[in-house]
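**Student:** So that we are looking at the same thing, I have put the structure below in structure tokens.
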Amino acid sequence: MKSIGLKKLVSFLDSELSLSEFPKDESVNGLQVEGRERVGKVGIAVDACEDTFERAKERGVDFLFVHHGLIWGGLTSVRGVTRKRIKALLDSGISLYACHLPLDWHPRYGNNAELLRVLSLRKMGEFGEYHGKRIGYWGRTDALTPMSVFVRLVDKTLKVRSWYVDFRRRVHNVGVVSGGGWSAIHDAEELGIDTFLTGEPSHSAYHLAKEMKVNLIFAGHYATETLGVKAVGEMLKKKLGLAVEFIDHPTGL
């Protein structure tokens, strides 16, 4: 099995994923917990949590790449759940690498670029400002599409049952921001978006969407954020020849 030095892998990912583009991200992007000096097998997952760590250990993972890491805005203490999680990683020698907003935004490997790709939407531009930078994208269907047809496509593609509100019926210009990106709806009027796809449902989004006459689709925080880590995993296989395994632990939310 091919392996690579930990420092070399971290440096490669830092550059390839453009971490420097998001200095204001609350997440501490990059290597959060240092493990073994060489990496032979990479695990990819959405969330850094006990279940993910246990499965990574069982599967012989050396390096765990996640979207939602352990450290947000710095550590104030190492106790309780935080202590248990860090100890689990240190005891198993598994490194933890997190990539939050850069992985939402990334034009090749990002959650939102991947959402456009798997839904066959032609990318038209960036969408959804957050911390001074647009992290999502908007795309266009080949033809005007009934809302019910488009929702079925989303559900089949992501293997979910979306919650949605139909205010306009026909879908053509679609804005996408994965996860908890409902506030991106504020960009919808400016860009002529008729349909907004995100992850978590939001009460606050309803009235804005109704007054803007923008369709809403909530396809799940977890489901909309598996795409980026999977794309990074495929990239690591192709570019570095590493063994990669997706550790799936859906929350249903």
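**Student:** Return the only residue of 136, 128, 180 being in contact with a helix residue (DSSP H, G or I) (Cβ under 7 Å, 6 or more places away or on another chain) and assigned to a loop (DSSP other than H, G, I, E, B).
**Tutor:** Sole residue among the options that is in contact with a helix residue (DSSP H, G or I) (Cβ under 7 Å, 6 or more places away or on another chain) and assigned to a loop (DSSP other than H, G, I, E, B): 180.
**Student:** Within the set of pairs 6+ apart or on separate chains, which have a first residue in region 138-153 that is under 18 Å from residue 175 (Cβ atoms), a second that is of a type in the set (Gly, Ala, Ser), and C-beta atoms under 7 Å apart?
**Tutor:** Correct list of pairs: 138/125; 138/175; 151/162.
**Student:** Can I ask one more? Among the residues of region 189-201, write down those that are surrounded by fewer than 24 Cβ atoms within 10 Å (Cβ to Cβ), over 15 Å from residue 111 (Cα atoms) and within 21 Å of the chain's Cα centre (by Cα).
**Tutor:** Hit for region 189-201 is 201, nothing else.
**Student:** Could you please find all residues in region 24-43 being farther than 16 Å from residue 93 by Cα, touching a helix residue (DSSP H, G or I) at 6+ places or on another chain (Cβ under 8 Å) and not polar (S, T, N, Q)?
**Tutor:** Hits for region 24-43 are 25, 30.
**Student:** Give me the pairs: first residue in region 23-47 and among the basic types (Lys, Arg), second residue modelled with pLDDT under 95, beta-carbon distance under 9 Å, and six or more apart or on different chains, which are they?
**Tutor:** 24/131; 24/132; 24/133; 41/1
**Student:** I would also like to ask the following. Can you tell me which residues in region 153-177 are aliphatic (A, V, I, L, M), surrounded by fewer than 20 Cβ atoms within 10 Å (Cβ to Cβ) and out of contact with any helix residue (DSSP H, G or I) (no Cβ under 6 Å at 6 or more places or on another chain)?
**Tutor:** Those that are aliphatic (A, V, I, L, M), surrounded by fewer than 20 Cβ atoms within 10 Å (Cβ to Cβ) and out of contact with any helix residue (DSSP H, G or I) (no Cβ under 6 Å at 6 or more places or on another chain): 153, 165.
**Student:** Please list, ordered by first then second residue, the pairs with beta carbon atoms under 6 Å, 6 or more apart or interchain, first in region 105-128 and polar (S, T, N, Q), second not in a helix (DSSP H, G or I).
**Tutor:** 111/178; 111/225; 112/136; 112/137; 112/176; 112/178
Quick grid of which residues meet (1) at pLDDT 95 or above; (2) more than 30 Å from residue 153 (Cα to Cα):
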{"position": "8", "(1), (2)": "yes, yes"}
{"position": "23", "(1), (2)": "no, yes"}
{"position": "33", "(1), (2)": "yes, yes"}
{"position": "111", "(1), (2)": "yes, no"}
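**Student:** Here's another thing I want to ask about it. Tally the residues that are among the β-branched types (Val, Ile, Thr) and over 17 Å from residue 232 (Cα atoms), restricting the search to region 15-39.
**Tutor:** Selection size over region 15-39: 2.
**Student:** Quick one: which strands (runs of 3 or more DSSP E) lie wholly within region 186-251 and hold at least 3 residues that are within 30 Å of residue 39 (Cα to Cα)?
**Tutor:** 243-246
**Student:** Additional query: Please work out which residue is farthest from residue 215 (Cα to Cα), limiting yourself to region 126-179 and to residues that are of a type in the set (Gly, Ala, Ser) and under 23 Å from the mean Cα position of the chain (by Cα).
**Tutor:** Residue satisfying both the conditions and the ranking: 132.
**Student:** Regarding residue 205, is this residue over 30 Å from residue 8 (Cα atoms), buried (at least 21 other Cβ atoms within 10 Å of the Cβ) and at pLDDT below 95?
**Tutor:** Yes; evaluated as a whole, the condition is true for this residue.
**Student:** Same structure, new question: Which members of region 113-134 meet the condition of being farther than 23 Å from residue 165 by Cβ and either outside the structural domain of residue 217 (by TED's automatic domain parsing) or at pLDDT below 95 (or both)?
**Tutor:** Result: 131, 132, 133, 134.
The values are calculated or read from the model by the stated rules, or taken from the named source; none is laboratory data. Treat the numbers as computed from the prediction; the structure is a model and nothing was measured. Every residue, glycine among them, receives a Cβ derived from its backbone with ideal geometry; neighbour counts consider all protein chains shown.
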